[in-house]
Amino acid sequence: HGGYSSEYKISFLCPYDHTPDIYISGKELREKLSQMKSKKMVILFDCCHSAAFFEGNDEIISQSISKNTKHGVIHERSNLEGMAQEIDDEKGMAIIASSQAEEESWGDSDDDYSILTTSFIEALKAKHKRFFADEYIRMVETVNYVFTRIPELIKILKERSDLVKDQTPYANLQMNRDFIISYIPKEFRKNIVTNKFTLSDEIQRPIASKNETELESWEREEGNNLILFIHGFSGESKETFGIIPKMLQSNSKLNGWAMKPLGYSHFVKPELGKDIWAAILDVDKIASYLKTSITYKFKKYDRIAIVAHSLGGLVAQKAILDLSDDERKRISHLIMFGTPSNGISSDSLSKQWNTKYKEMSSDGPFITSLRKKWSETFKNGIPFKLKVAAATEDQYVTVESCHGPFAKEQCEFVDNDHLKMVKPKDDKDDAYNLIQDTLTNNTFYNKYTNSEEINITLGKYDAVIKELLPKVANLDLNGLRQLIFSLEGLDRKDEALKILNEHPLAKDNTDLMGILGGRYKRAYLNSFTKSDGDAAFGYYNKALELAIKAEDDSQIYYHAINLAFLSIVMENNEGKMMKYAKQALIATENSRNNLWKYATVAEANMYIGDMDKAMEFYSKAAEMADIRQKISMHTNAYAGYVALMQTANEDDFIQFLKAKFLT
């Protein structure tokens with residue numbers, strides 16, 4: 001049992017049916033736990049008022065009486081968070097409490113266990129799993145199930161008795177590891193999706209990245225100020241930002257700044273794996289972890305600058321808003337790259353993602369609440385330096401979602417796509433220079449990002465044409481691509497085709513056609529504008545004709561499979577889809593083996609209905625692909641399959657895709 005002694009002003013644990021004379025105080029408990037050195041630690045408090053065990057300086061607001069302890073207390077906030085941060089060695093620890101400080105913990109009189117223990121046992125029995133990527137039960141998925149299951153069990157108990165009150169569990173998880181706590185039951189092991197094909201040892205290994213030691217080396221402890229790197233849901237804490245941390249460390253202007261990743265792995269989102277988007281539950285969970293880390297773990301730093309990528313920016317915004325006024329004053333900078341601050345548009349949700357991520361909707365409660373609170377909190381100005389960067393070729397986050405909520409002077413552009421925008425090759429990169437200039441209070445200028453690319457991203461096609469059309473004869477392939485894209489954007493298709501047919505670099509250039517087709521395909525998948533889809537179809541079709549003429553099989557299958565995809569996703573035309581899929585398959589027979597050949601064979605077989613073959617070749621492709629390539633393949637496969645089958649229900653094939661590309 002847990003309780004609070006008003007006489008001695010301590011929280012305590014005591015054995016069942018004993019008086020508070022036999023107890024261990026919260027202070028003793030915290031000291032003992034902090035002395036334990038363990039690679040993995042799971043601490044379960046399954047008793048009333050369990051979030052009040054660790055007394056501190058919290059103001060006691062009022063008394064509540066527990067029928068078990070005869071004493072109780074409501075605290076302004078739980079010291080479990082502070083305790084968890086104090087003993088957090090970042091090696092694997094979880095604290096789970098059954099109830100908040102003011103709440104009791106309930107059980108069913110017909111059951112031997114409390115509802116926390118019942119839900120925990122159910123998780124260990126894999127009751128929460130919809131499919132099995134491997135043979136393990138992990139900590140975070142277990143906690144997620146407990147948090148979902150307890151309200152369900154409380155609802156049942158309330159229907160039986162008016163005495164039962166709400167019970168809200170608490171958990172503090174280390175975010176850099178999601179450690180294994182058990183095997184799944186033997187009867188489920190035959191259902192493991194990935195057992196159908198043999199995986200390499202490296203893919204089977206459930207623990208850390210192979211480059212972990214190397215990646216950890218860039219952390220820097222010394223300094224009164226901290227640069228905190230927060231990655232998105234498609235990367236990991238030590239590798240998302242590439243060489244940026246090391247380049248910043250070599251910059252003498254940033255002496256005195258410690259540098260750390262937030263330290264959560266992709267495993268904190270067990271529902272989705274490595275994907276661009278995530279459930280709001282995951283964003284909230286990590287935002288809470290960040291807020292608590294700022295308050296406790298990073299309390300020694302006078303100033304904290306946050307550099308965030310993708311949904312890491314939403315995590316940062318949510319955490320900053322949840323900080324106390326005093327703690328918020330320690331935030332000196334916030335720099336966000338490719339963050340969907342306005343969420344995903346309803347059109348994209350319904351057409352591309354099939355409402356899979358409906359909680360990320362631009363008009364959903366999470367985004368609207370976040371934006372409202374941000375506006376109210378900072379109505380008199382933002383007290384830290386803010387920069388928001390969009391990528392010129394972002395295939396996931398629109399400029400409106402990235403830049404929309406912020407002032408023009410806070411918004412910038414950097415080169416590349418969503419994942420590559422924070423992976424510079426050297427210091428001649430605008431993402432790196434944006435961070436450096438913002439932290440050193442210098443004015444940032446786009447020195448390296450092509451101005452025409454920025455104008456195209458903004459839809460300022462006339463500016464690009466005005467700049468490039470007079471010198472069309474001297475343009476390189478990149479310049480030709482920009483000019484043709486802009487002419488298309490202003491519906492000057494005849495001029496674009498004339499250049500393609502007559503310019504010596506563009507004539508019969510299937511690569512250029514594919515690049516243009518890909519750009520319009522990404523634009524279509526972002527906005528579902530018919531003109532973008534038609535343009536993509538036109539360029540891929542022209543490229544396919546040229547590839548057939550040149551008898552270039554690798555180009556034939558590349559363009560044919562894209563046409564099959566567009567045929568089903570854009571036009572819902574199974575006949576055309578089937579024709580192009582078969583054409584792509586024939587072309588692969590005379591092409592050398594590589595990643596994209598395997599992906600093409602897999603996708604084509606998916607379209608013609610040979611799902612076993614599709615799974616076989618998706619497995620081969622997954623073993624060769626990096627994170628970016630896996631996400632790209634999953635996006636295509638998922639969108640194509642959902643359009644073909646007209647369902648987003650998690651059938652065996654969708655589960656297989658998730659297991660192969662997102663876990």
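The values are calculated or read from the model by the stated rules, or taken from the named source; none is laboratory data. Note that the structure is a prediction, hence the values are computed from the model and not measured. Don't worry about glycine lacking a Cβ; one is built from the backbone with ideal geometry, like all the others, and counts go over all protein chains shown. Just the protein is used for accessible areas: all its heavy atoms, side chains included, with ligands, DNA and RNA removed. Shrake-Rupley method; radii C 1.70, N 1.55, O 1.52, S 1.80 Å.
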* Pull out the extension gain between ASP166 and ARG189, defined as 0.36 nm times the separation in residues minus the alpha carbon to alpha carbon distance; nm, one decimal. => 4.7 nm
* Asked: So for the pair LYS460, ASP552, with labels modelled 7 Å out along Cα→Cβ, what separation do we get in nm?
  -> 3.4
* To do: Filter the GluC sites (Glu not before Pro) in region 512-581 down to the DSSP loop ones having no more than 10 other Cβ atoms within 10 Å, then list what survives.
  => GLU551
* **Per residue solvent-accessible surface (Å²) - region 505-546, probe of 1.4 Å** => 37
* Asked: What is the ratio of the Cα radius of gyration of region 506-555 to 2.2 N^0.38 Å, where N is its residue count, to two decimals?
  -> 1.15
* Asked: Mind checking the log10 I(q)/I(0) for region 362-471 at q = 0.14, 0.21 Å⁻¹? Debye, one equal scatterer per Cα, no solvent, two decimals.
  -> -0.68, -1.22
* Structure fact -> With 0.36 nm assigned to each residue of separation and the Cα-Cα distance removed, GLU222 to THR148 gains 22.5 nm
* Got a number for carbon plus sulfur as a percent of region 456-578's accessible area, 1.4 Å probe? -> 50
* Keeping the other protein chains in place, figure out the carbon and sulfur percent of the accessible area of region 285-333, with a 1.4 Å probe. => 45
* To do: Provide the FRET efficiency to the nearest 0.05 for the ASP612-SER346 pair, computing r from the beta carbons and using R0 = 35 Å.
  => 0.45
* Could you tell me the distance between the Cα centroids of region 541-579 and region 452-479, to the nearest Å? => 28
* In region 399-434, the trypsin sites (Lys or Arg not before Pro) that fall in loop regions by DSSP, at most 10 other Cβ within 10 Å -> LYS425, LYS428
* Asked: With no solvent and one point per C-alpha, what does the Debye sum give as log10 I(q)/I(0) for region 527-663 at q = 0.09, 0.19, 0.20, 0.22 Å⁻¹?
  -> -0.24, -1.11, -1.22, -1.42
* Asked: Which percent of the accessible heavy-atom area of region 387-446 goes to carbon and sulfur, probe 1.4 angstrom?
  -> 41
* Where in region 548-576 does the label zone of ASN590 land, with the point 7 angstrom along Cα→C-beta and an amide N cut-off under 17 Å? -> 548-561
* Name the residues whose placed amide hydrogens come within less than 5 Å of the amide hydrogen of ARG138, ignoring near sequence neighbours (fewer than 5 apart) on the same chain. => ILE181
* To do: With label points built 7 Å along Cα→Cβ from the Cα atoms of ASP111 and ASP494, find their separation and express it in nm.
  => 7.4
* Structure fact -> Cα-Cα pairs in region 363-408 separated by more than 14 Å, as a whole percent of all pairs, come to 60
* Which entries in the list LYS358/LYS530; LYS423/LYS460; LYS521/LYS658 go over 25 Å, if you measure between the two C-alpha atoms of each? -> LYS423/LYS460
* Once amide H atoms are placed 1.01 Å from N in the peptide plane, what residues at a sequence separation of 5 or more from ILE227, or on another chain, have their amide H within under 5 Å of its amide H? -> ALA258, MET259, LYS260, ALA305
* Structure fact -> Residue-ordered couplings for region 508-522, obtained by feeding phi - 60° into the Karplus form 6.51 cos²θ - 1.76 cosθ + 1.60 and rounding to whole Hz (Gly and Pro as x), are 6, 8, 5, 4, 4, 4, x, 4, 5, x, x, 5, 5, 5, 5
* Structure fact -> Too long for a 21 Å Cα-Cα cut-off, among LYS466/LYS498; LYS253/LYS387; LYS32/LYS297; LYS260/LYS291; LYS542/LYS613; LYS425/LYS507, are LYS542/LYS613; LYS425/LYS507
* Mind checking the per residue accessible area of region 568-663 for me, 1.4 Å probe, whole number of Å²? => 41
* Asked: Under a 1.4 Å probe, what is the accessible area of region 316-446 per residue, stated in Å²?
  -> 42
* Determine, from the Cβ-Cβ distance of ASN572 and ASN649 and an R0 of 22 Å, the FRET efficiency 1/(1 + (r/R0)^6), rounded to the nearest 0.05. => 0.75
* Whose amide H sits under 5 Å from the amide H of MET336, counting only residues 5 or more places off or on another chain, with H placed in the peptide plane? -> ALA308, LYS387, VAL388, ALA389
* Ratio of Rg to Rh for region 512-586, alpha carbon only, Kirkwood? -> 0.96
* To do: Could I have the simple spin-label model distance between ASP302 and LYS379, label points 7 Å from Cα toward Cβ, reported in nm to one decimal?
  => 3.3
* Any chance you could list the semi-axes, whole Å, largest first, of the equivalent ellipsoid that the Cα gyration tensor gives for region 394-542, using √(5λ)? => 29, 18, 14
